[in-house]
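Computed from the coordinates by the stated procedures, all read-outs in this text should not be read as laboratory data. From a predicted model like this one, the values you see are computed outputs, not experimental measurements. Cβ sites come from the backbone with ideal geometry, for glycine too, and all protein chains shown count toward neighbours.
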Amino acid sequence: MNKAVTDGLALMPPQFEDGLDVWSAGDGTPGSDTYAGSGPGAFVPADQDFGGCLEILASANPTKLRYMGRTPILPGCYLEVRVRVKAVAGPLPAVRIAGWAADQSGHVTGMTEAATAVQLTGYGQVVELRAIIGTGARQGVDLVWQGADYGHIGIDILGGGGAAVRVDDLTITDVTGYFLRDMMGVVDVRDYGAAGDGVTDDSAAFEAADADANGREVLVSAGEYYLAQDVTLDNQVHFVGTVTQPADRHLILRKNFDFVTYADAFGDEELAFKKAFQALLSFSDYESLDLNGRSISLTSPVDMQAAVPDRTSFAIRRVIRNGQLEPVNGAAWDPQVVTSQASYAPAAPLTLSNVLNAAAVPVGALVTGTGVGREVYVQAVDTVGQTITLSQPLYDAEGTQIFTFTRFRYLLDFSGFDSLSKFSFEDVEFQCEGVASGIMLAPGGLAFNLRDCFLTKPRDRGLTSIGTGCQGMLIDRCQFLSDEQALPVSQRKTIGFNVNGNDIKIRDTRVVRFKHFCILHGTGHLITGNHWFHGDNEVNGVRLGGIVLTSANCMSVITGNYIDNNYIEWTNEHEADPALGAQYSFGGLTITGNIFTASDVAPYFNWIVVKPYGPDHYIHGLSVVSNVFRTLNGNVVRIEKVDTSFADLNYTRMRNLTFAANTFNAVDEPAINPVTLDHTQASNAQTWVISAAPYLPFGGRARVVEAVAPQGKISDASNAAVYAAPYAKAAEGLAKDEVHLVWPTACRGNVRVVARVDQPL
């Protein structure tokens with residue numbers, strides 16, 4: 001590139017034969033002495049080497065020659081100054097190219113204004129002086145004039161003492177092409193004063209280059225550039241060198257915001273990921289960070305809030321997509337385990353008090369101990385008050401005991417945020433390798449989203465919620481793949497994810513061989529189109545809950561799923577007082593259109609298990625409709641049961657249970673409600689005893705008779721027709737599962753009875 005050509009710059013000084021009134025014996029500034037006046041020199045019209053030239057008698061040290069015209073100094077433009085000189089008399093001096101740098105305000109100090117001097121060694125010997133002036137500290141640039149707008153350029157004769165030196169005409173040419181292959185589309189930060197030494201703050205140079213780029217690409221040439229300030233680049237940028245920056249400063253790349261560019265910028269993919277995430281939350285031009293399909297190796301858990309230290313909450317949609325995160329095996333991923341004594345009272349259901357050495361307990365730790373339900377986490381720690389805020393109440397931990405706090409290590413840890421909403425991962429694989437867990441959510445927030453993601457081989461947990469940051473969470477078309485697939489179910493410890501908030505959508509997701517797929521508290525969940533299987537290769541093997549619902553009145557729908565070698569477990573373990581009180585009891589659950597299967601299980605296996613953690617509960621609102629239940633390699637007795645480890649249900653209060661239109665294969669006792677019973681009374685009897693067992697769900701009572709319809713003739717002892725109707729007595733017999741029909745007289749015949757385990761109100 002040549003600025004003289006492309007921008008029409010006037011670079012070449014006039015020849016001496018055109019007059020010496022523009023040649024100064026001083027700095028070249030207006031009003032200085034000229035060689036046409038009192039300057040110590042004269043024009044020589046016919047030198048044998050130079051033709052016309054200027055002969056200078058050097059008396060001062062240095063004796064100066066400066067062109068009084070303003071030679072422009074532009075960022076990215078490099079000027080080569082050439083001049084031939086020879087000594088003709090007197091002492092032999094040293095000679096150098098020199099100049100006077102200025103901006104629009106005047107002289108710019110602190111710059112190198114003279115090139116290396118050349119000693120003349122003989123009379124009549126022609127020596128050519130060369131020096132390059134430019135704005136960038138590049139190799140080969142003699143005078144770095146960053147910040148100058150123009151200069152008065154010439155030479156210095158050193159030594160004085162009456163040396164006579166003849167000087168040929170100066171030439172100034174644009175040699176920018178020496179340094180850049182194609183400056184037409186590129187501006188280099190070095191041309192704007194960037195030092196690239198890793199120490200000098202180059203922030204201003206970066207922004208100056210960007211401001212001047214005007215659509216061209218900004219080039220960060222080789223070097224290490226320290227950016228002590230926030231830097232925003234509006235133009236396309238290409239990194240050959242790398243940058244360093246304090247953790248609380250931002251590098252915003254508006255035109256090419258993606259992970260590869262940040263990796264080029266910082267030269268470290270882990271740091272680059274943090275800085276790119278920081279930028280994602282710090283400017284509004286982009287809603288997503290593209291990882292460019294890269295696999296990013298992490299040496300330790302990424303504290304996502306620490307990467308954005310100026311924010312503790314964020315609620316604008318942001319997405320990270322298209323890449324893979326994986327841990328580098330090491331001690332940084334080992335869980336932290338702390339034990340401490342603490343007290344619990346149901347009156348403060350989310351608080352542990354009088355915690356010994358509370359400061360040692362990490363936020364986000366899993367809490368275990370007597371009377372602690374599954375997936376209870378430390379949401380906050382008050383070291384002054386010696387209290388811990390829990391994610392869920394404890395069902396039977398009143399008093400003082402030793403608790404264990406286990407802090408798993410996650411590839412991405414958002415727990416430092418107070419709240420994070422509308423954050424998504426799309427097409428990202430969390431390749432945990434059995435070394436790390438996957439994601440820890442912020443304590444608060446809404447609508448976290450995983451879409452088309454893989455959580456592969458988590459060490460302990462796929463995704464963990466320690467508060468309500470899971471409220472409205474969406475998990476769509478994902479895969480959760482356990483690291484424990486080869487282990488028997490009884491030996492597994494990993495859990496796909498947990499939920500504390502409401503309104504979760506889990507759709508079209510595949511889950512393979514965890515201890516539990518998920519532990520769901522809250523209400524309003526929609527679980528549709530998924531396939532989760534948790535079996536093993538054991539004969540008559542243990543099976544556990546795939547989905548565990550921990551809200552009694554869960555108001556949730558489980559529909560269109562493939563539920564393989566596990567069961568739906570419904571508990572109220574996250575209640576401080578799990579006995580029935582003023583709260584709703586078990587209800588609000590719809591299970592419809594699912595495929596339930598199991599293989600190599602014991603006959604006592606069940607697919608729907610209700611487990612009350614306190615007495616007096618009942619079911620009021622459960623619909624199990626149009627499902628298929630099938631076992632392979634053996635039969636099971638029933639599809640449903642009540643786990644009475646802590647308490648049984650109150651069967652006298654059952655309401656609104658529907659078990660209908662289901663298909664049972666290799667199930668000995670189908671559950672149906674209401675159930676239609678065909679009874680044949682072969683001998684005359686006034687009271688007909690009709691058992692509703694084994695059809696009544698959960699082994700409940702035959703509480704209601706909805707209909708009685710004779711099927712053909714009812715005959716008395718004389719074979720005469722009986723036209724009188726019987727009255728029905730419900731909940732009869734030792735197990736209260738019989739219906740008694742009482743006739744006016746002893747009779748026999750066939751009858752169809754519709755009985756219910758519940759009151760359909």
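Checking the Cα-Cα distances for 457/515; 275/505; 457/641; 457/611 against a 22 Å cut-off, the pairs over it are 275/505; 457/641; 457/611.
Looking at the stretch 512-594 alone, DSSP beta bridges between its own residues are antiparallel in about 0 percent of cases. Under 27 Å of direct C-alpha separation, and excluding same-chain neighbours fewer than eight residues apart, residue 64 reaches these lysines: 86.
Report the per residue volume, in Å³, of the convex hull enclosing the C-alpha atoms of the chain.
Numbers: hull volume 155.1 nm³, N = 761.
Per residue, the Cα convex hull of the chain comes to 204 Å³.
The label point for residue 370 and the one for residue 491, both projected 7 Å from the Cα toward the Cβ, are 3.1 nm apart. Taking the C-alpha atoms only, the angle from helix 269-280 to the longest principal axis of the chain is near 80 degrees.
Subtracting the Cα-Cα distance from 0.36 nm times the residue separation, let me have the gained length for residue 720 to residue 632 in nm, one decimal. Kindly include the intermediate steps, with their values, before the conclusion.
On the way: separation 88, 0.36 × 88 = 31.68 nm, distance 5.11 nm.
Working it through step by step, the gained length comes to 26.6 nm.
Here the chain carries DSSP beta bridges of which approximately 45% are antiparallel, counting only pairs with both residues inside. Charges were assigned to the Cβ only: +1 to each Lys and Arg, -1 to each Asp and Glu. The resulting dipole of the chain about its Cα centre is roughly 3200 debye.
Expressed as a rounded percentage, what relative contact order does the chain have, with Cα pairs under 8 Å and six or more residues apart? Computed value for the chain: 6 percent relative contact order.
At an R0 of 45 angstrom, the distance between the Cβ atoms of residue 119 and residue 228 translates into a FRET efficiency of 0.60. Prolate is the label for the stretch 655-704, because a/c, from the alpha-carbon gyration tensor with a ≥ b ≥ c as root eigenvalues, is 1.5 or above and a/b exceeds b/c. Using C-alpha pairs below 8 Å separated by at least 6 residues, the relative contact order for the stretch 541-600 is 48 percent.
The modelled label-to-label distance between residue 336 and residue 602, using points 7 Å beyond Cα along the C-beta direction, is 4.1 nm. Highest average first, the peptides 26-37, 50-61, 413-424 ordered by how many other beta carbon atoms sit within 10 Å of their residues are 413-424, 50-61, 26-37.
Cα gyration tensor of the stretch 10-52, axes a ≥ b ≥ c as square roots of the eigenvalues: rounded (a/c below 1.5), prolate (a/b > b/c) or oblate? It is oblate, given that a/c is not under 1.5 and a/b is not larger than b/c. Between residue 247 and residue 353, the simple label model (points 7 Å from Cα in the Cβ direction) yields a spacing of 3.5 nm.
Assuming a ≥ b ≥ c are the square roots of the Cα gyration tensor eigenvalues, decide whether the stretch 467-514 counts as rounded (a/c under 1.5), prolate (otherwise, with a/b larger than b/c) or oblate. In terms of gyration-tensor shape, oblate.
In summary, the aspartates and glutamates within cross-link reach of residue 729, defined as a Cα separation below 12 angstrom excluding same-chain residues under 8 places away, comprise 706, 737, 738. Dipole orientation for the chain: of the candidates 604, 474, 314, 604 has the Cα lying most toward the positive pole (charges on Cβ; Lys, Arg +1; Asp, Glu -1).
Distance from the C-alpha centroid of the stretch 248-297 to that of the stretch 16-80: 53 Å, rounded to the whole angstrom.
Packing here is the average count of other Cβ atoms within 10 Å per residue, and on that basis the peptides 433-445, 572-584, highest first, run 433-445, 572-584. What is the stretch 259-321's relative contact order, in percent, from Cα pairs under 8 angstrom and six or more apart in sequence? Here the relative contact order equals 37 percent. Pairing the Cα long axis of helix 203-213 with the longest principal axis of the chain, what angle in degrees results, from 0 to 90 and rounded to the nearest 10? Long axis of 203-213 versus the principal axis of the chain: about 80 degrees.
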